[in-house]
Structure formats: structure tokens, C-alpha cells
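The structure under discussion appears below in the form of C-alpha cells.
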Amino acid sequence: MAIERTFSIIKPDAVAKNNIGAIYNRFETAGLKIIASKMVHLSQEQAEGFYAEHSERPFFGALVAFMTSGPIMVQTLEGENAVLAHREILGATNPADAAPGTIRADFAESIDENAAHGSDSVASAEREVAYFFSAEELCPRTR
Ligand code: UDP
């Protein structure tokens, strides 16, 4: 299996509920290694740019308002089949549909405040990692 990198956000709702550590624990338990991490408070422009592919969707304005409502944690995760492995522990977009034991089932309240983000493909992951992290900020594990 391929070692991949993927991009993760702990969204403002989960940061506000003090669930950063609990969600990091899910990554580590799943064998995903955090190779870069920081807290940021997105500007309107940063949030619009990150979610540009959704700019024509009816929920876009609310999504940008939510994502700028408080600080977030952004992470690069590395591991075997990391993109899919991360999406599996994240659960469905709507927490009402998310499998029991997934991050969204356990930490999210609604589809528009759904606790966390995960890249949906290797190509998206590359774009999203580069949106937040320089090459120097990525710290592959050497031991
Ligand atoms: N979203 C929303 N309402 C919807 C669909 C999506 O607020 O009806 C938000 C939600 O926060 C979701 C994000 O838009 O995580 C991106 O949507 P996508 O379909 O890409 O879902 P994801 O990949 O995050 O599961």
C-alpha cells in the first residue's frame, strides 16, 4: 500500500468544544502520523479560496461564515492509504449519516457544523496541504 499524505482541519465548532486532543487521538489510533500542525483563524479571503469549488453552492456563504467564526487546527497527516483511511474515520458529511464511532458521529452536531474536514483525493490533498503549509513546515518522521 502507498504511503500518502492528506490534509485535515479541526473546524471551529470542535475547537470551541475543546475536542482537539480527542480528535488527534483518533488520527494516531488509526495509524496516521501528524507531520505538520498549527492553529489559524481564517480570513474571509482564505476561507473563500479554500472552498472555491463550492462557490456556486447555496451553502457557500454560511460555510465561509462558519469557517471564519473561530480558530481552527490544520494538519498534514501521513500514513498508508492516508486519504481514504482519514475519510473513513471522519465519517459521512452529515453526522446524522456518519457511522458510529467516526469523528463526525461523535463530535459533530449538523451538516453545516461537522467538526472536521478531510481531503477527498490525493490531488485535493496536494492542493490543500500546499494552501496552508510550506515544504519546510512538513516534518516527515525519521524515527
Ligand atoms: N456543507 C454544508 N451543507 C451542505 C453540504 C456541505 O454546510 O449541504 C459543508 C460541510 O461543512 C462540508 C463542506 O461544506 O463539510 C464541504 O462539502 P463536501 O460535500 O465537500 O463534504 P466533505 O468532503 O467535507 O465531507
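The values are calculated or read from the model by the stated rules, or taken from the named source; none is laboratory data. Small disclaimer: the values here were computed from a predicted structure and weren't measured. Neighbour counts are summed over all protein chains in view; Cβ atoms, including those assigned to glycine, are modelled from backbone coordinates with ideal geometry. All accessible areas refer to the heavy atoms of the entire protein, side chains included, with ligands and DNA or RNA removed. Shrake-Rupley method; radii C 1.70, N 1.55, O 1.52, S 1.80 Å.
Select from the range 100-119 the residues that are within 11 Å of the ligand (Cβ to nearest atom), among the small types (Gly, Ala, Ser) and open to solvent by 10 Å² or more (accessible area, probe 1.4 Å) and write down the one among them that is farthest from the chain's Cα centre (by Cα).
Here the residue is SER110.
What are the pairs, 6+ residues apart or on separate chains, where a residue within the range 49-68 that is over 22 Å from ALA16 (Cβ atoms) has its Cβ under 8 Å from a residue that is among the aromatic types (Phe, Trp, Tyr) and part of a helix (DSSP H, G or I)?
GLY49/TYR131; HIS54/PHE60
Of all residues in the range 55-68 being over 16 Å from the mean Cα position of the chain (by Cα) and within 12 Å of the ligand (Cβ to nearest atom), which is most open to solvent (accessible area, probe 1.4 Å)?
Result: PRO58.
Looking at VAL122, VAL74, which one is open to solvent by less than 20 Å² (accessible area, probe 1.4 Å) and either more than 13 Å from the ligand (Cβ to nearest atom) or modelled with pLDDT under 95 (or both)?
Only one candidate passes the filter, namely VAL74.
Just give me the residues in the range 88-99 being more than 8 Å from the ligand (Cβ to nearest atom) and part of a helix (DSSP H, G or I), in sequence order.
Residues satisfying the conditions are GLU88, ILE89, PRO95, ALA96, ASP97.
Would you call GLU45 closer than 22 Å to PHE133 by Cα, within 15 Å of the ligand (Cβ to nearest atom) and surrounded by fewer than 21 Cβ atoms within 10 Å (Cβ to Cβ)?
For GLU45, the condition - closer than 22 Å to PHE133 by Cα, within 15 Å of the ligand (Cβ to nearest atom) and surrounded by fewer than 21 Cβ atoms within 10 Å (Cβ to Cβ) - is not met.
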